[in-house]
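Novice: Can you keep this structure in mind? I'll have questions shortly.
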Amino acid sequence: GPAPDTGADPAWVREVDRAHLWHPYSSIGSGPAPGVVRGAAGTRIRLTGEDGVEREVVDGMSSWWSMIHGYAHPALDAAVRAQLDRFGHVMFGGLTHEPAARLAAALVDITPAPLRHVFLADSGSVSVEVAVKMCLQYWRSQGRPAKQRLLTWRGGYHGDTFQAMSVCDPEGGMHALWGDVLPRQVFADAPPAGYDAAPDPAYIGHLDALVAEHADELAAVIVEPVVQGAGGMRFHSPAYLRALREITERHGVLLVFDEIATGFGRTGEMFAAEHAGVAPDVMCVGKALTGGYMTLAAALCTAEVAQGIAEGEVPVLAHGPTFMGNPLACAVAVASIDLLRSGDWRGDVARVASGLRAGLAPARDLPGVRDVRVLGAIGVIQLDRPVDMGAATEAALNAGAWLRPFRDMIYAMPPYICDDADIERITGGMLAAARASVGVR
Ligand code: PLP
């Protein structure tokens, strides 16, 4: 059943929110009023709209791609409670604890083999900062201080902090405003679209030439493997990851995979790198790491990167967030990974994928739809125009689904526990949102 009500009057919550709270990608005092969440359990969120109407909707977003096992999961709730009975937090400088050790062991176990060392961070963006710092410092330590730039694909998204913003899509992306003050990185074209598309040798040549041209100043290539998420929900062939691995090795450049969105099964493999059978030198994880329960991310690196830094004139990585290794977050991350390892996530993701494929098929015949694509538990309807956010969100809610479209994209990344009826609600909501956006009934 639904989680117990929070008790507070939703009108009061909305009023205080309106007066004082800043929301993601918003300005104060503008935009549609947010729904007030009253409870969440399983695949459902219960919320009260501005009209005072209470709805229970299926979460097609997994709370920004993180809540893979659903809300109020008994095993995850129990993991937080059990740790809370021991201690809620302790500093990580000079101290360690079982939840962090168990998490490190689990992460090293399930990520590609060469990744051995785990730096815990509080958010995906910060794990990207740490990954970049590792790469830049590695080359400084190796007596190559000129290698301080990054190469990335256009159309990417890596977060909202300054190094992370510098490798986001430079034109259409969310951070174009900052172009003049961001570190100047090297941009390759985005990979040709299509997971199943035959790899384009000319494109691989483009990557090779660009890395070769800038090899003396490149610390690393950083990309989102297989799926470029918030930059445009684009899928590409794993062949380009194999090509990048070979190219970076040949030119002496590190390779970073940002698996913050793709990690923990979302694309149908535990990590997207596995589609290509290659391992990066540094890998970022976040989002679904804790099953969406708490804010936690990590940058993992190889022994070579860690040793290389340790050999430097300044041998320490100067990074240490106050809440590094938060025991509650580590404990729930361990429990979430245990759920993946003991359950049939592969079967669940495949079931969600086929539900999305079937449910979204009719979208191909809608006017104004440019593309419909599904990979793993990711479904996308791409329009030929910007989504009408207000109309689309409202239409989806009325169809019983919570969606958060962006730009020209109506997409879903459902919890893996969705049953067929949940997926039908989500795809129904996506179709309704598409119709509302292009003005057809
Ligand atoms: N990298 C990727 C690929 C992401 O999708 C995101 C978030 O959407 C981030 C980094 C940033 O993570 P966070 O929002 O936890 O800072």
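Novice: Among the residues of segment 409-435 satisfying the criterion of being among the small types (Gly, Ala, Ser) and surrounded by fewer than 23 Cβ atoms within 10 Å (Cβ to Cβ), which is nearest to residue 382 (Cα to Cα)?
Specialist: 428
Novice: Moving on. Considering only segment 268-303, how many residues are within 12 Å of the ligand (Cβ to nearest atom) and either not small (Gly, Ala, Ser) or not in a helix (DSSP H, G or I) (or both)?
Specialist: Residues in segment 268-303 being within 12 Å of the ligand (Cβ to nearest atom) and either not small (Gly, Ala, Ser) or not in a helix (DSSP H, G or I) (or both): 15 in total.
Novice: Check segment 309-317 and report whether any residue there is touching a residue at least 60 places away in the same chain (Cβ under 8 Å) and within 16 Å of the ligand (Cβ to nearest atom).
Specialist: For segment 309-317, residues touching a residue at least 60 places away in the same chain (Cβ under 8 Å) and within 16 Å of the ligand (Cβ to nearest atom): absent.
Novice: Quickly run through segment 140-164 and pick out the residues that are over 20 Å from residue 285 (Cβ atoms) and either assigned to a loop (DSSP other than H, G, I, E, B) or in contact with a Leu (Cβ under 8 Å, 6 or more places away or on another chain) (or both).
Specialist: Matches in segment 140-164: 142, 143, 144, 145, 146, 147, 148, 149, 151, 154, 155, 162.
Novice: Only one of 188, 176, 146 is away from the ligand (no atom under 16 Å from the Cβ) and crowded, with 18+ Cβ neighbours inside 10 Å. Can you tell me which?
Specialist: Checking each option against the conditions leaves just 188.
Novice: In addition: Check segment 13-20 and report whether any residue there is surrounded by 13 or more Cβ atoms within 10 Å (Cβ to Cβ), of a type in the set (Asp, Glu) and part of a helix (DSSP H, G or I).
Specialist: yes
Novice: Given the conditions (1) outside the structural domain of residue 323 (by TED's automatic domain parsing); (2) in a strand (DSSP E or B), which single one is not true for residue 117?
Specialist: Here residue 117 clears every test but (1).
Novice: Further question: Among the numbered criteria (1) within 16 Å of the ligand (Cβ to nearest atom); (2) at pLDDT 95 or above, which one does residue 204 miss?
Specialist: Result: residue 204 fails condition (1) only.
Novice: A further question follows. Return the only residue of 341, 357, 373 being in contact with a strand residue (DSSP E or B) (Cβ under 6 Å, 6 or more places away or on another chain), part of a helix (DSSP H, G or I) and modelled with pLDDT of 95 or more. Break it down into steps so the answer makes sense when it comes.
Specialist: Details: 341 fails: in contact with a strand residue (DSSP E or B) (Cβ under 6 Å, 6 or more places away or on another chain); 373 fails: part of a helix (DSSP H, G or I).
Of 341, 357, 373, the one residue that is in contact with a strand residue (DSSP E or B) (Cβ under 6 Å, 6 or more places away or on another chain), part of a helix (DSSP H, G or I) and modelled with pLDDT of 95 or more is 357.
Novice: Can you say whether residue 197 is in contact (Cβ under 8 Å) with a residue 40 or more places away in the chain, surrounded by fewer than 15 Cβ atoms within 10 Å (Cβ to Cβ), closer than 27 Å to residue 269 by Cβ and out of contact with any Asp or Glu (no Cβ under 6 Å at 6 or more places or on another chain), as far as the supplied structure shows?
Specialist: Yes, satisfied.
Novice: Scan segment 21-55 residue by residue and report those that are on the phi > 0 side of the Ramachandran plot and exposed (fewer than 11 other Cβ atoms within 10 Å of the Cβ).
Specialist: Correct list: 25, 29, 52.
Novice: Can you pull out every residue in segment 228-266 that is assigned to a strand (DSSP E or B), closer than 22 Å to residue 114 by Cα, touching a residue at least 60 places away in the same chain (Cβ under 8 Å) and within 16 Å of the ligand (Cβ to nearest atom)? Lay out the reasoning, then the answer.
Specialist: Step one: filter segment 228-266 for residues assigned to a strand (DSSP E or B), giving 228, 234-236, 254-258.
Restricting the remaining residues to those that are closer than 22 Å to residue 114 by Cα gives 254-258.
So of that shortlist, the ones also touching a residue at least 60 places away in the same chain (Cβ under 8 Å) come out as 254, 256, 258.
Scanning segment 228-266 gives 256, 258.
Novice: Could you tell me how many of the residues in segment 247-291 are surrounded by fewer than 24 Cβ atoms within 10 Å (Cβ to Cβ), among the small types (Gly, Ala, Ser) and either within 23 Å of residue 233 (Cα to Cα) or not assigned by TED's automatic domain parsing to the domain that holds residue 146 (or both)?
Specialist: Qualifying residue count, segment 247-291: 5.
Novice: Find the residue count for segment 165-194, including only residues that are touching a His at 6+ places or on another chain (Cβ under 6 Å) and without any contact (Cβ under 8 Å) to a residue 40 or more places away in the chain.
Specialist: Residues flagged as touching a His at 6+ places or on another chain (Cβ under 6 Å) and without any contact (Cβ under 8 Å) to a residue 40 or more places away in the chain within segment 165-194 amount to 2.
Novice: Here's a follow-up. Specify the residue that is nearest to the chain's Cα centre (by Cα); the eligible residues are those in segment 200-227 that are assigned to a loop (DSSP other than H, G, I, E, B) and among the acidic types (Asp, Glu).
Specialist: Top of the filtered list is 224.
Novice: Follow-up question, since we're still on this one. Name the residues in segment 23-58 that are modelled with pLDDT of 95 or more and in a loop (DSSP other than H, G, I, E, B), would you?
Specialist: 43
Novice: In segment 164-173, which residue that is of a type outside the set (Gly, Ala, Ser) and in contact with a strand residue (DSSP E or B) (Cβ under 8 Å, 6 or more places away or on another chain) is nearest to the ligand (Cβ to nearest atom)?
Specialist: Applying the filter and picking the extreme gives 167.
The values are calculated or read from the model by the stated rules, or taken from the named source; none is laboratory data. All values reported here derive from a predicted model rather than from experimental measurement. Please note: Cβ atoms are built from the backbone with ideal geometry, for glycine as well, and neighbour counts cover all protein chains shown.
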